[in-house]
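Asks: Take this structure first; my questions come after.
The values are calculated or read from the model by the stated rules, or taken from the named source; none is laboratory data. Just so it is clear, the structure is predicted and the values come from calculations on it, not from any experiment. Neighbour counts run over all protein chains shown; Cβ positions are idealised from the backbone, glycine included. All accessible areas refer to the heavy atoms of the entire protein, side chains included, with ligands and DNA or RNA removed. Shrake-Rupley method; radii C 1.70, N 1.55, O 1.52, S 1.80 Å.
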Amino acid sequence: MSYFPEVSKIEYEGSDSRNPLAFHHYNPSEIVAGKTMEEWLRFSVCYWHTFRGTGTDPFGAPTMQRPWEDGTNSVDMALKRVDVAFEFMEKLGAPFYCFHDRDVAPEGSSLRETNAILDKVVAKLKAEQERTGIKLLWGTANMFSNPRFMHGAATTCNADVFAYAAAQVKKAIEVTHELGGINYVFWGGREGYHNLYNTDMKRELDHLGRFMHLAHEYAESIGFTGQFLFEPKPKEPTKHQYDFDAAACLNFIRANGLEGVVKLNIETNHATLAGHTMMHELAYASMQDALGSIDANTGDLLLGWDTDQFPTDIYLTTQCMLVIMGQDGLAPGGVNFDAKVRRESFEPVDLFYAHIGGMDAFARGLKIAAKIREEGRLAQIVTDRYSSWDSGIGAKIEAGEASFADLEAYMLEKGEAAPNQSGRQELLENLINDCL
């Protein structure tokens, strides 16, 4: 049975094509800067928005037309969704997918029953992976939807909830390992606070650090060598989340001795909610060898919440790829479309239009970034801007060979600093436009 009978395999037809069910820029086998597009981009479909999204918002009921849904969250329905998901991903040509445990399998009446249900669905996921060659980019645990997590999971004030969260993550790591997942993500949906009057922040952060070490120790004990990833987000649903941005996450990683254990999964809409650009968050993580993967989406800058729209802005995708190419790619991470169709785009075919647009936008960003890097003008401007650090007093400072007294003596003899050079900001923006 086909769940998308009107859609055939999505093929690359080139920029002259006007077929909305074809790639106009993403050609998986095309070589760009020494790698195929597929190798650079490593596209992943998210299970939650794509196959579980209903179109609800705070002001309205579900809108999505999903003919395969029977209105239940039963085990049979979960198994049927696996068929839907893999037909979609096969036709799209996506090499990876991602999921939370509760996306693919419902909870039972007890943890034991919940685990048994998950095992049943995982067996089918594994069979479909083997049939299609589609791989699991990463797995994770949903520890924010169930009311038991109202005060958090690893940072809860309830020790029993901490224990439940540990058991749930243990199982999620096991099934990620069983499915050959190459990353495991931690998103602290409710790891934060609403009111400091009732919060012991130090104790909560210490518990979070202990939780991460327990997870790492268990992963090692079962031979799971996948990359651990934190996903920064500043707010929603808590007022202040401990994983506020890349800087906060990296500070937590260093403070808890987790360097080399955890990298970051950066999301565009989370970056903007924190008051940053995606390029800032990517660059900050990358310069510290901590950029592991990205969630590709965008927000609406006229709105103040996490809209998770598909990325179609070529400037955005170019900026992403400039940083990603600068570190020679994301592997073993990838470009995961943590994005949803708008509630007005309710037909199943809209899922294809959305993913095609995002994949084409990133393909264009990749090619533009490669052109910018090949021309070298941007890199040369940066090199020239910092040239005073390449010799003389600048080189001595960077080498640790100049004290405050040395710097004072240098300036007393020179009398005044060398004049500044123009930042050429408008020229730089023109340079990017020239390559678009």
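Asks: With the stretch 392-436 as the region, which helices (runs of 4 or more DSSP H) entirely inside it contain at least 1 residues that are in contact (Cβ under 8 Å) with a residue 60 or more places away in the chain, within 20 Å of residue 314 (Cβ to Cβ) and of a type in the set (Val, Ile, Thr)?
Replies: Details: elements: 392-398, 404-414, 425-435.
In the stretch 392-436, 425-435 are the helices (runs of 4 or more DSSP H) which contain 1 or more residues that are in contact (Cβ under 8 Å) with a residue 60 or more places away in the chain, within 20 Å of residue 314 (Cβ to Cβ) and of a type in the set (Val, Ile, Thr).
Asks: Something else about it: Which of the residues that make up the stretch 211-244 are in contact (Cβ under 8 Å) with a residue 24 or more places away in the chain and of a type in the set (D, E, K, R)? Before the answer, list the steps.
Replies: Restricting attention to the stretch 211-244, the residues satisfying the condition of being in contact (Cβ under 8 Å) with a residue 24 or more places away in the chain are 211-216, 218-219, 222-224, 226-244.
Answer for the stretch 211-244, where residues must be in contact (Cβ under 8 Å) with a residue 24 or more places away in the chain and of a type in the set (D, E, K, R): 231, 233, 235, 236, 239, 243.
Asks: Would the stretch 176-190 turn up any residue that is surrounded by fewer than 17 Cβ atoms within 10 Å (Cβ to Cβ) and part of a helix (DSSP H, G or I)?
Replies: No, the stretch 176-190 contains no residue that is surrounded by fewer than 17 Cβ atoms within 10 Å (Cβ to Cβ) and part of a helix (DSSP H, G or I).
Asks: I would also like to ask the following. Among the residues of the stretch 47-78, which ones are closer than 24 Å to residue 138 by Cβ and either open to solvent by 60 Å² or more (accessible area, probe 1.4 Å) or part of a loop (DSSP other than H, G, I, E, B) (or both)?
Replies: Result: 52, 53, 54, 73.
Asks: Which residues, counting only those in the stretch 276-291, are assigned to a loop (DSSP other than H, G, I, E, B), open to solvent by 10 Å² or more (accessible area, probe 1.4 Å) and touching a residue at least 40 places away in the same chain (Cβ under 8 Å)? Don't jump to the end; show me each part of the working.
Replies: Of the residues in the stretch 276-291, the ones assigned to a loop (DSSP other than H, G, I, E, B) are 276-277, 287-290.
Next, only the ones that are open to solvent by 10 Å² or more (accessible area, probe 1.4 Å) stay: 276-277, 287-289.
Residue satisfying the conditions is 277 alone.
Asks: Which residue out of 87, 107 is charged (D, E, K, R), farther than 18 Å from residue 171 by Cα and either assigned to a helix (DSSP H, G or I) or modelled with pLDDT of 95 or more (or both)?
Replies: None of the others qualify; the one that does is 87.
Asks: If residue 161 satisfies every condition in (1) more than 30 Å from residue 39 (Cβ to Cβ); (2) open to solvent by 30 Å² or more (accessible area, probe 1.4 Å); (3) free of Cβ contacts under 8 Å to residues at least 24 places away in the same chain but one, which is the exception?
Replies: (2)
Asks: Mind listing just one residue for me: the one in the stretch 62-78 that is of a type in the set (A, V, I, L, M) and within 28 Å of the chain's Cα centre (by Cα) and, of those, farthest from residue 120 (Cα to Cα)?
Replies: Looking at the filtered set, the residue picked out is 64.
Asks: Is it the case, given these coordinates, that residue 260 is surrounded by fewer than 19 Cβ atoms within 10 Å (Cβ to Cβ), free of Cβ contacts under 8 Å to residues at least 12 places away in the same chain and not in a strand (DSSP E or B)?
Replies: Details: surrounded by fewer than 19 Cβ atoms within 10 Å (Cβ to Cβ): yes; free of Cβ contacts under 8 Å to residues at least 12 places away in the same chain: yes; not in a strand (DSSP E or B): yes.
So residue 260 fits the description; yes.
Asks: Something else now. Quick check on my filter: what residues within the stretch 292-305 are open to solvent by 20 Å² or more (accessible area, probe 1.4 Å) and either under 15 Å from residue 265 (Cβ atoms) or assigned to a loop (DSSP other than H, G, I, E, B) (or both)? Break it down stepwise before answering.
Replies: Taking the stretch 292-305 as the starting set, the residues that turn out to be open to solvent by 20 Å² or more (accessible area, probe 1.4 Å) are 298, 300-305.
Listed by number, the residues that qualify are 300, 301, 302, 303, 304, 305.
Asks: Identify all residues within the stretch 323-352 that are open to solvent by less than 30 Å² (accessible area, probe 1.4 Å) and either within 25 Å of residue 370 (Cα to Cα) or of a type in the set (Lys, Arg) (or both); write none if there are none.
Replies: Listed by number, the residues that qualify are 323, 324, 325, 329, 330, 333, 334, 335, 336, 337, 338.
Asks: If I go through the stretch 390-421 residue by residue, how many of them are at pLDDT 95 or above and either within 21 Å of residue 380 (Cα to Cα) or touching a Ser or Thr at 6+ places or on another chain (Cβ under 8 Å) (or both)? Step through it out loud before you land on a result.
Replies: First pass over the stretch 390-421, keeping only residues at pLDDT 95 or above: 390-420.
Next, only the ones that are either within 21 Å of residue 380 (Cα to Cα) or touching a Ser or Thr at 6+ places or on another chain (Cβ under 8 Å) (or both) stay: 390-392, 394-395, 398, 418-420.
Matching residues across the stretch 390-421 total 9.
Asks: Take the residues in the stretch 99-153 that are basic (Lys, Arg) and within 30 Å of residue 194 (Cβ to Cβ); name whichever of them is most open to solvent (accessible area, probe 1.4 Å). I'd like the intermediate steps shown before the answer.
Replies: The first filter runs over the stretch 99-153 and keeps only residues basic (Lys, Arg), leaving 102, 112, 120, 124, 126, 131, 135, 148.
Still in the list and also within 30 Å of residue 194 (Cβ to Cβ): 102, 148.
On the way: 102: 37, 148: 69 Å².
If we take residues in the stretch 99-153 being basic (Lys, Arg) and within 30 Å of residue 194 (Cβ to Cβ), then 148 is most open to solvent (accessible area, probe 1.4 Å).
Asks: Based on what the data block shows, is residue 81 touching a residue at least 24 places away in the same chain (Cβ under 8 Å), under 24 Å from the mean Cα position of the chain (by Cα) and open to solvent by less than 40 Å² (accessible area, probe 1.4 Å)? It would help to see each step written out before you state the result.
Replies: Details: touching a residue at least 24 places away in the same chain (Cβ under 8 Å): yes; under 24 Å from the mean Cα position of the chain (by Cα): yes; open to solvent by less than 40 Å² (accessible area, probe 1.4 Å): yes.
Here the answer is yes, as residue 81 does meet what is asked.
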